[in-house]
Amino acid sequence: MQMSQLKGLQLLTAFVVGKSKGLGIEELKEFRHLQRRLSISSLQNVTNGMGAMEAKLEEKTYLEELVLEWSSSTNDSQNERDGLDKLKPHTNLKRLEIKNFGG
C-alpha cells in the first residue's frame, strides 16, 4: 500500500492495479528510475484515463520492456481504450506486450 513513497525504486517486475486508494496505477508516478521490465496487470481496475496518465510511463526512460494486461473483459471498452491511450511509454522502450485488451 502506498508504494509511491519508495521514490528511488529501480526494479519492480510486477504491479497489480487495485481498486482501493493507494493501490491505483497512479502509484507508479514516483518511480522514475525503474529499469528493465515492468508488467502492469489488472488494468480493468483503471477507472479513467487521467489515472493512467498520472502513472507517467513516458518518464520511465530506463524501462526496456513493458507488459500491459487486463485480466477480464469489461463492458466499458471506451474506458479501456482511453486508459490504453494514456499509458504512453517512453520512446526508449524496446518491447511492448498487450494482453487481453478488449477495447
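The values are calculated or read from the model by the stated rules, or taken from the named source; none is laboratory data. Model, not experiment: these values are computed from the prediction. All Cβ positions, even for glycine, are placed from backbone atoms using ideal geometry, and neighbour counts span all protein chains on display. The area values use the complete protein model at the heavy-atom level, side chains included, leaving out ligands, DNA and RNA. Shrake-Rupley method; radii C 1.70, N 1.55, O 1.52, S 1.80 Å.
Side notes on the structure shown:
- Looking only at the range 39-79, and only at residues there that are at pLDDT 90 or above and charged (D, E, K, R), the one that is least open to solvent (accessible area, probe 1.4 Å): Lys60
- Taken over the range 22-53, the criterion of being touching a helix residue (DSSP H, G or I) at 6+ places or on another chain (Cβ under 8 Å) and charged (D, E, K, R) is satisfied by Glu26, Glu27, Lys29, Glu30, Arg32.
- Residues within the range 1-17 that are at pLDDT 90 or above and open to solvent by 80 Å² or more (accessible area, probe 1.4 Å), tallied: 4
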